[in-house]
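The values are calculated or read from the model by the stated rules, or taken from the named source; none is laboratory data. On a predicted model such as this, the values are computed, not experimentally measured, just so you know. Here the Cβ is made from the backbone with ideal geometry for all residues, glycine too, and neighbour counts use every protein chain on show.
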Amino acid sequence: MDNVSKVSPIIWAVAGGKGGTGKSFFTSAMGMFLSQMGNRTILIDSDLGAANLHSFLGIKRPLYSLSDFFDKNFELEEIILETNLENLSFISGDINSFSPYSIKHFQKKKFFNHLLKLNFKYILIDLGAGSSLNTIDTFLLADKMVVVITPQITSYDNLYLFITKFLFRKIGNVLKEKQLDDSVDSIWKKRNEVNIVSFKDYIFHLKSISEDVSEAIDKALSETEINIVLNQTRTQMDIKKGISIKNAIMKYFSISAIYTGFIGYDDRLWKSIHLPFSVLNSNTSISSEIITAFNNLLSNNSLTIEKNPFKKAENSLITLTPGSRSALGIMNNQSSVNLDKFPYRVGRKSDKFLESIKNNNNLNLYDIPPYSISRSHFTISKKENRYYFEDNGSKLGTIVNGKRIGGNGNNSKIVLLRDGTNTLKFGEIRRNLIFSLKINEI
């Protein structure tokens, strides 16, 4: 008998919030990548309704699946299938059952117990779409949590709902362990009475119950980290969304988030989406992007966009400076801001999760009602070493060097900025929101 102590497997769970984000492709490619590095790796399709991970591995119809484990009392080791790649094994999701019912709690516990005993270095779990309780609990089991999303509003919305439900479950479990779960039920039942309309409201009221509850919640949130992969990006704006998503998650949920990487969209390659091995080993930008994301996951690093198409000012220093006390206030008391990336977007700071992602501002101004600054107000762009002020469809527009740009009416939407000092005025005169935009040669 082998007396060497068995090392627990490293579990990675990959979620998408909704279908069609590319999480199955990403999971299968990641498994291939790890196995090629000499790591014994197993891919598990935990989708019990629409399993498809086998098709990414070139397996037409798996001989065994999780339905054999749940319904026929097979051992988990007995349903493991080998792939054509060395060091890479596979367990198929349920493809045989027509039952619409999910697994029972005792079946889930049995699955988790068997999972932790598998003799592999890496276990990669491809979660089903949506945010069912079984999906959430499997996500909670993971050592590394990955979400694959696309640069679309519907995907961001589904991500927000998924994280909300995931954290609701995690905090509930933590408080239950400390026999404080009655607190969760009591607050949730009277959510309408205390005007709980967001996750932040819910956490605020929970933490106000007692110091023990507050400490338990803070600990649970501080120990949570989500890795973000942005798939099917088409533009630099799409790529930059990953940074906004990461910041929004950290702000609204008070958890750690890492922008792991992005994967571009190439119609020719995505037509062969069921052949991730060929994509992974192709001499393409997508292959490089995938490998960068994988390496960042392994090293727990955030994405660094070194080949950044945002143009930096080459021969000029552009500085935005408040010209009044009111202007200083909405710049959060910053005496000046250097504009070093173009296009450079400025707008009003939003307290809403989706709006903060959608606006994608480089600089957020802390305006208060009645608003003079729109959520996405203006852009400073650079074209052929000249700088332009562009209105982004703001409601009130801006007076630039004495001329109104944008806003309602037939005003011009763009104006060339002059070298030296430019004056920007926002909103009503009585608010005195005046800024200086200086373009200095260096």
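Table for the structure above
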item	result
Subset of region 425-442 (residues that are in contact (Cβ under 8 Å) with a residue 40 or more places away in the chain and either part of a loop (DSSP other than H, G, I, E, B) or surrounded by 19 or more Cβ atoms within 10 Å (Cβ to Cβ) (or both))	PHE426, GLY427, GLU428, ASN432, LEU433, PHE435, LEU437, ILE439, ILE442
Strands (runs of 3 or more DSSP E) completely within region 334-381 that count 1 or more residues being under 20 Å from TYR252 (Cβ atoms) and not basic (Lys, Arg)	344-348, 363-365
Residues that are part of a strand (DSSP E or B) and not β-branched (Val, Ile, Thr), drawn from region 382-416	LYS382, LYS383, ARG386, TYR387, TYR388, PHE389, GLU390, ASP391, LYS403, ARG404, LEU416
Answer residue from region 86-132, given it is among the hydrophobic types (A, V, I, L, M, F, W, C) and at pLDDT below 90 and is farthest from ASP47 (Cα to Cα) among those	PHE106
Qualifying residue in region 213-228 (condition: closer than 20 Å to THR150 by Cα and either touching a Cys at 6+ places or on another chain (Cβ under 8 Å) or among the β-branched types (Val, Ile, Thr) (or both))	yes
Only one of LEU66, LEU53, LEU76, LEU81 that is under 16 Å from PHE25 (Cβ atoms), surrounded by 16 or more Cβ atoms within 10 Å (Cβ to Cβ) and of a type in the set (A, V, I, L, M)	LEU53
Any hit, region 306-314, residues being at pLDDT 70 or above and out of contact with any Pro (no Cβ under 6 Å at 6 or more places or on another chain)	no
Pairs, first closer than 11 Å to LYS18 by Cα in region 152-174, second aliphatic (A, V, I, L, M) and surrounded by fewer than 21 Cβ atoms within 10 Å (Cβ to Cβ), C-beta under 6 Å, six or more apart	TYR156/LEU354
Residue within region 99-108 that is more than 27 Å from the chain's Cα centre (by Cα) and of a type in the set (A, V, I, L, M, F, W, C) present	yes
Enumeration of residues in region 34-76 that are under 30 Å from ILE153 (Cα atoms) and either out of contact with any helix residue (DSSP H, G or I) (no Cβ under 9 Å at 6 or more places or on another chain) or not hydroxyl-bearing (Ser, Thr, Tyr) (or both)	LEU43, ILE44, ASP45, ASP47, LEU48, GLY49, ALA50, ALA51, ASN52, LEU53, HIS54, PHE56
In region 239-294, residue modelled with the lowest pLDDT [restricted to those that are of a type in the set (Val, Ile, Thr) and not in a helix (DSSP H, G or I)]	ILE273
Residues being in contact with a strand residue (DSSP E or B) (Cβ under 8 Å, 6 or more places away or on another chain) and either polar (S, T, N, Q) or in a loop (DSSP other than H, G, I, E, B) (or both) - total across region 7-31	8
Inter-residue pairs, beta-carbon under 7 Å, first assigned by TED's automatic domain parsing to the domain that holds ARG431 and in region 372-400, second outside any loop (DSSP other than H, G, I, E, B) and of a type in the set (Gly, Ala, Ser), 6+ apart	ILE373/GLY347; SER374/GLY347; ARG375/GLY347; SER376/GLY347; HIS377/GLY347; TYR388/SER381; GLU390/SER381
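This table checks each residue for (1) under 20 Å from ASN134 (Cα atoms); (2) in a loop (DSSP other than H, G, I, E, B).
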residue: PHE33; (1), (2): no, no
residue: ASN39; (1), (2): no, yes
residue: ALA51; (1), (2): yes, yes
residue: SER55; (1), (2): no, no
residue: GLY58; (1), (2): no, yes
residue: ARG61; (1), (2): no, yes
residue: TYR64; (1), (2): no, yes
residue: SER67; (1), (2): yes, no
residue: GLU77; (1), (2): no, no
